[in-house]
Amino acid sequence: MKSYIAALVVFFFIWCYIGKAAKGERLGASFIFGDSIVDAGNNNYLPSLSKANIPPNGIDFKASGGNPTGRYTNGRTICDIVGEELGVPNYAVPFLAPNSTGKAILYGVNYASGAGGILNASGRIFVNRLGLDIQVDYFNITRKQIDSLLGPSQARDFLMKTSIFSVTIGANDFLNNYLLPVVSIGSRITQSPDAFINDMITRFSGQLIRLYQLDARKIVIANVGPIGCIPYQKTLYQSNEDECVELPNKLALHYNAKLKDLLTELNENLPGATFVLANVYDLVSDIIINYENYGFTTSGKACCGNGGRYAGIIPCGPTSSLCSDHSSHVFWDPYHPSEATNLIIAKKLLDGDTKIISPMNLRQLRDL
C-alpha cells in the first residue's frame, strides 16, 4: 500500500511538472556542461587538485548560508542566475552528488568540472577532472533515468521542447594545455595554433552531435572569454593594469571564429536544433575595459588570492588575502569572475541583443 501511494505521489508530481512546462510557465530543466566557471560542486567528489569547497569560496552564496559548495566564486554562477530568471525553482544538482537521483534531476543536472576541457588531455596537471566526453557520457545516464521517470515519449518532449542545455568550455584547453608553462612547450613546437584549434573544433563538433542524438535541441554555447586578461595571466606576464596578455586572447579569438562557423553548420544540418552562441568574449572584454561604468573599482586584481601585483598566482583559500567589498572586483580569484560580474553576464545573455547572444537570447530560447 505504501509503495502504491508513493507511486501516486510521484505520478502527480510529474503530471503537474509537465503541465506547467507545457504552458510555458517556466523552463523544464537546465542541463549544464563545462568547466570551473559553472561547476556547482562535481569536483568535491573527485580526488582532484582543482577544488573550491574551501572558504572563503561561497561566502556570499545565500543558499548555503555562506558556506563553500564547490562553486569557484563568492556567490552564484552564471548558470545559477540564469536558472532563477528562467523559472527553475531549484539549482541544477551536481551529477556526482549523492542527491542527483529521482525527481531532483527533473530540475536539471550540472556536469561541469573544474579543469575540464574539450580535449581529454586538458587539465591533466590537476589529476582528476571531468572532460566534456565524460560529461556527455554522464548525461547519457541521466537520459535513461528520465526515460524511467517520465516514459520515453514524455521524456523526449521534456528534453526537446522545454529544457535548455548550456556548454561553457574551452578556456582550459588553452590555459591548462596548449599554453601551460614548461609542460606544453613540446606540443607547441610540434603543433601549430591552427592545428590545435582545429582539433578542438573537430572534437567539440562530435560532442555536440552526441548531445543532439540524446535529444538536446535548445543548446547554448559560450565562446572562450578574454583569457589573457585574467589576474593569473596578468600576474604571470607582469602586465600593466590596463593591459592583457596578447597570445591567449589571439588564440581565443581564433577559436571563437571557428566556433561560430561550427554552430552555423550544426544549425543548418541538424533538424530541429537551435544552437545559440553566447559572445562571452566581447561581453567580458567590455566589462574589463569599462569596469568603472559597471560599478567596479578594479578589473585587474583578484578579490581573493595571493601572489604578485594582481593576487593572481595562488588560488582562493583560507590563507588568501580578501578584498573588503566582494562586489567591487570583476574577478573573484585569479581565474573566475565574481558574483557581481556573473550577474551582469547572466542578464545580458537573458535579454541581450544579437551582438551578445545570437540568433536569440535565453528568454526567447526558453519560449521557442
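Taken together, the values in this text are just the output of simple stated rules run on the coordinates, not laboratory data. Bear in mind the structure is a predicted one, so any value in this text is a computation, not a measurement. Every residue, glycine among them, receives a Cβ derived from its backbone with ideal geometry; neighbour counts consider all protein chains shown.
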Sites excluded, GluC sites (Glu not before Pro) in DSSP loops with at most 11 other C-beta within 10 Å, longest stretch of the chain | 26-240
Please figure out what share of the DSSP beta bridges in the chain is antiparallel and state it in percent, rounded to the nearest 5.
-> 20 percent
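How high is the FRET efficiency between Ser153 and Leu247 when r is their beta carbon distance and R₀ equals 56 Å, given to the nearest 0.05?
Values: r = 51 Å, r/R0 = 0.90.
Taking R0 as 56 Å, the efficiency between Ser153 and Leu247 is 0.65.
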Of Thr142, Thr354, Thr73, which has the largest mean-square fluctuation in a 10 Å C-alpha GNM of the chain?
-> Thr354
How much mean residue ellipticity at 222 nm does the chain get from its helices, if each DSSP H run of length 4 or more adds -39500 (n - 2.57) and you divide by all residues, to the nearest 500 deg cm²/dmol?
-> -12500 deg cm²/dmol
Cα to Cα, under 23 Å, and not fewer than 8 places away if on the same chain: which lysines meet these conditions relative to Lys62?
-> Lys51, Lys347, Lys348
Rounded to whole Hz, the Karplus (6.51, -1.76, 1.60) HN-Hα couplings of the range 357-368, x for glycine and proline | 8, 9, x, 7, 8, 6, 5, 5, 5, 4, 8, 5
Using θ = phi - 60° and the Karplus curve 6.51 cos²θ - 1.76 cosθ + 1.60, what whole-Hz ³J(HN,Hα) does each residue of the range 133-149 get, with Gly and Pro shown as x?
-> 4, 5, 4, 5, 4, 5, 4, 4, 5, 4, 4, 5, 5, 5, 4, 5, 6
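With a ≥ b ≥ c taken as the square roots of the eigenvalues of the C-alpha gyration tensor of the range 53-134, please select rounded if a/c is under 1.5 and otherwise prolate if a/b is larger than b/c or oblate if it is not?
Working: a/c = 1.90, a/b = 1.28, b/c = 1.49.
Verdict is oblate for the range 53-134.
Only sites in a loop by DSSP and with at most 13 other Cβ atoms within 10 Å count here; which trypsin sites (Lys or Arg not before Pro) in the range 328-368 make the cut?
On the way: sites: Lys347, Lys348, Lys355, Arg363, Arg366; in loops: Lys355.
For trypsin sites (Lys or Arg not before Pro) across the range 328-368 that sit outside H, G, I, E and B with at most 13 neighbouring Cβ atoms in 10 Å, the list reads Lys355.
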Using a simple spin-label model with points 7 Å from Cα along the Cα→Cβ vector, what separation in nm is obtained for Asp353 and Gln238?
-> 4.3 nm
Using alpha carbons only, how many degrees (0 to 90, rounded to 10) separate the axis of helix 280-289 from the longest principal axis of the chain?
-> 40 degrees
Which far-off residues, 5 or more places away or on another chain, put their amide H under 5 Å from the one on Gly116, with H placed in the peptide plane?
-> Ser36, Leu130
Mean separation of Cα contacts under 8 Å (6+ apart) over length of the chain, as relative contact order % | 16 percent
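So if we plug the beta-carbon distance of Ile125 and Met160 into 1/(1 + (r/R0)^6) with R0 = 51 Å, what FRET efficiency do we get, rounded to 0.05? Walk me through the numbers on the way to the answer.
On the way: r = 38 Å, r/R0 = 0.75.
Step by step, r from the Cβ atoms, then E = 0.85.
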Once amide hydrogens are built 1.01 Å from N within the peptide plane, the residues lying 5 or more places from Ala29 or on another chain with amide H under 5 Å from its amide H are Ser163, Ile164
Which of Asn290, Asn128, Asn44 moves most in a GNM of the chain, Cα contacts under 10 Å?
-> Asn290
